[in-house]
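Notes to accompany the following structure.
The values are calculated or read from the model by the stated rules, or taken from the named source; none is laboratory data. From a predicted model like this one, the values you see are computed outputs, not experimental measurements. Every residue, glycine as well, gets a Cβ built from its backbone with ideal geometry; the counts of neighbours run over all protein chains shown.
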């Protein structure tokens, strides 16, 4: 087997296979980094491809002063910063559920471009050891609430916070990645932490979620599926926290509080609408392909629902469009029951 130095030399001489082998261990974590930076799964895929192309084109100049991993993160971070500056975000959509009139929302969300991230692509994305200064557990650092809060930070503050507090790069490395000074990077980090604290959803006194795929989580999920598929609003409401939160990007409508969410769900279940749910996982949270049962016996995919849990209750539900279903290997339709 060729040594690392031999592989680098071959790749720098134009050996594409050697280059692919070198960067293979980093593909998934770089994609995840781009997702945190951009909040959009589709944009993250584009940023990953741009990063790999730029790395291949610039590899003859890779001087090995930094590790290959740091070098790739530098390219990816700057690609994402450029995309945030120049790309037009998806516009907000108006309510488009036929026959359902939603109640007045609690507010309108800012991050309408948010998309879910499939758990199947997280395997191998956390293999690299984290630095000693990381501030977030790995599950928290990919949660929809955290990714949403990141998106409202100014771009450079966002980059510094992810690189320092999520990935654990030291201040000198981050300054080099951003062509900045250590003092400037530290100042941006301080401001980013303050901004994130102000934007984070209130969680004081809230129970932590159960462990993923634990008996406790599976019990909550099973109760939710039974209630949702049966349009059993009373049971569904008992599963919600008092401050439960619903969002629906790219629609900006947001609903907070059990009573208002109950009214919203009553409208969704109205007029005899019934659903089938297919379990999956997104952002290390329980998720479901949602299928509307048709009179012809076919259930058609209408979206993806992701739950956030607090103890044995549901603290948030995020509904995404059906364009997300293929990312989770979910079909567009289901045969009738």
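Reported count of residues in the range 75-96, each being part of a helix (DSSP H, G or I) and surrounded by 12 or more Cβ atoms within 10 Å (Cβ to Cβ), is 10. Taking the range 212-232, which residues are surrounded by 16 or more Cβ atoms within 10 Å (Cβ to Cβ) and farther than 14 Å from residue 305 by Cβ? Residues satisfying the conditions are 217, 223, 231. You will find that of 85, 36, the residue that is at pLDDT below 95 and either within 23 Å of the chain's Cα centre (by Cα) or under 24 Å from residue 145 (Cα atoms) (or both) is 85 and no other.
Listed here are the residues, each with its yes/no results for (1) in contact with a helix residue (DSSP H, G or I) (Cβ under 6 Å, 6 or more places away or on another chain); (2) more than 19 Å from residue 283 (Cβ to Cβ); (3) modelled with pLDDT of 95 or more.
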| position | (1), (2), (3) |
| --- | --- |
| 185 | yes, yes, yes |
| 196 | yes, no, no |
| 201 | yes, no, no |
| 205 | no, yes, no |
| 222 | no, yes, yes |
| 232 | no, yes, yes |
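So for the range 109-131 (the condition being without any contact (Cβ under 8 Å) to a residue 40 or more places away in the chain, more than 30 Å from residue 244 (Cβ to Cβ) and either in contact with a helix residue (DSSP H, G or I) (Cβ under 7 Å, 6 or more places away or on another chain) or in a helix (DSSP H, G or I) (or both)), does at least one residue qualify? No: the range 109-131 contains no residue that is without any contact (Cβ under 8 Å) to a residue 40 or more places away in the chain, more than 30 Å from residue 244 (Cβ to Cβ) and either in contact with a helix residue (DSSP H, G or I) (Cβ under 7 Å, 6 or more places away or on another chain) or in a helix (DSSP H, G or I) (or both). Taking the range 1-74 as the region of interest, the helices (runs of 4 or more DSSP H) fully inside it that hold 1 or more residues being under 26 Å from residue 119 (Cβ atoms) are 16-23, 27-38, 41-58. Could you go through the range 239-246 and let me know if any residue there is under 18 Å from the mean Cα position of the chain (by Cα), in contact (Cβ under 8 Å) with a residue 24 or more places away in the chain, at negative phi and in the same structural domain as residue 318 (by TED's automatic domain parsing). Yes; the residues of the range 239-246 include at least one that is under 18 Å from the mean Cα position of the chain (by Cα), in contact (Cβ under 8 Å) with a residue 24 or more places away in the chain, at negative phi and in the same structural domain as residue 318 (by TED's automatic domain parsing).
Take residue 296 and tell me if it is part of a loop (DSSP other than H, G, I, E, B) and more than 20 Å from the chain's Cα centre (by Cα). Yes.
State whether the residues of the range 139-148 include one that is under 16 Å from residue 34 (Cα atoms), outside any helix (DSSP H, G or I) and either at pLDDT below 95 or within 15 Å of the chain's Cα centre (by Cα) (or both). Within the range 139-148, one or more residues are under 16 Å from residue 34 (Cα atoms), outside any helix (DSSP H, G or I) and either at pLDDT below 95 or within 15 Å of the chain's Cα centre (by Cα) (or both).
Filtering the range 299-327 to residues that are in contact (Cβ under 8 Å) with a residue 40 or more places away in the chain, part of a strand (DSSP E or B) and over 15 Å from the mean Cα position of the chain (by Cα) leaves 309, 310, 313, 314, 315.
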